[in-house]
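Values quoted throughout were computed directly from the atomic coordinates according to the rules given, and no laboratory measurement underlies them. From a predicted model like this one, the values you see are computed outputs, not experimental measurements. All Cβ positions, glycine included, derive from the backbone under ideal geometry; neighbour counts span all protein chains shown.
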Amino acid sequence: MSEQKIALVTGANKGIGFEIAAGLGALGWSVGVGARDTGRGEAAVDKLRAGGADAFAVPLDVTDDASVTAAAALIEERHGRLDVLVNNAGVTGGMPQNPTTVGIATLRTAVETNVIGVIRVTNAMLPLLRRSPSPRIVNMSSTVGSLTHQTSAAGPETTGPLSAAYSPSKSFLNAVTIQYAKELHGTGILINAACPGYVATDLNGFSGFRTPEQGAAIALHLATLPDNGPSGGFFDDAGPIPW
């Protein structure tokens, strides 16, 4: 077995996902750049390679069964295993999201990508992850998915804007992460949820105050946990986040 580690980052052609891929590439890993748009994925790979990373394109739409199956087959053929999966691809579903007026299609879009997409990709990649000596799964969540924060007296700077689709989808993702951790306990697969903070990306109209590089740091930390590291947790740069 090659000593070089293999990673897949979904939604990696831009923003936080790109910086996660760059960070793993800087560690000497071979990184699959998951991207729904093939052209943008290839452009991201070219940029990563220009920076010295060992990167390869993985056409991947997390909402499409055939696309995810093909992505798993590509990694199987190329490397035969996967050491780290970072489920980074996500959408807001569109704003505004007042619960009394939010469209059902908006809810479906957020859950389909942010939750079902994560389950779809994770289950497809698990056979490859089980072949790794130290497999890790990182689910990119958000503190807006924290029910503790959402029910606090804090203002929008803590809770985020009123969001009947995006925030609950991240709460759903957190709950799913716990269930995976329970099932995978004792297998050596560590799975955790991560919040990158309020990062300036096109997801929020570049209104965030953190850089994508800063947002990638927690994912890189959880992707490289030691074998005795936590599983089933929810973390940001400061440590555990209350559920």
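Which whole-number percent gives the relative contact order of segment 6-240, counting Cα pairs below 8 Å spaced six or more residues apart?
19
What's the local net charge at Val176, with K and R +1, D and E -1, over the other residues with C-beta under 14 Å away?
Value of the local net charge: +1.
Per residue of the chain, what 222 nm ellipticity follows from adding -39500 (n - 2.57) for every DSSP H run with n ≥ 4, rounded to the nearest 500?
So the helix-based figure for the chain works out to -12500 deg cm²/dmol.
Can you find, among Thr38, Phe172, Gly103, the residue farthest towards the positive end of the dipole of segment 6-240? Put +1 on the C-beta of Lys and Arg, -1 on that of Asp and Glu.
Ranked along the dipole, the leading option is Phe172.
Of Gly52, His79, Thr92, which is farthest on the positive side of the dipole of segment 1-117, counting Cα position, with +1 on Lys and Arg Cβ, -1 on Asp and Glu Cβ, and the Cα centre as origin?
Comparing the listed Cα positions along the dipole, Thr92 ranks first.
In nm², what is the average projected area of the convex hull enclosing the Cα atoms of segment 120-243?
That works out to 8.0 nm².
About its Cα centre, what dipole magnitude does the chain give when the only charges are +1 on Lys and Arg Cβ and -1 on Asp and Glu Cβ, stated in debye to the nearest 20?
In total the dipole reaches around 200 debye.
Could you point to the residue in Ser132, Ser231, Thr69 farthest towards the positive end of the chain's charge dipole, with +1 and -1 charges on the Cβ of Lys/Arg and Asp/Glu respectively?
Farthest towards the positive end: Ser231.
Quick one: divide the alpha-carbon radius of gyration of segment 6-240 by 2.2 N^0.38 Å and tell me what you get.
Expressed relative to 2.2 N^0.38 Å, the Cα Rg reads 0.95.
Less than 23 Å apart at the alpha-carbon level, and either on another chain or at least 8 residues along: which lysines does that give for Lys170?
Answer for Lys170, where 23 Å is the Cα cut-off: Lys14, Lys182, listed by chain and number.
Where the eigenvalues come from the Cα gyration tensor of segment 100-160, what are the semi-axes √(5λ) of the equivalent ellipsoid, largest first, in whole Å?
For segment 100-160, the ellipsoid semi-axes come out as 31, 18, 6 Å.
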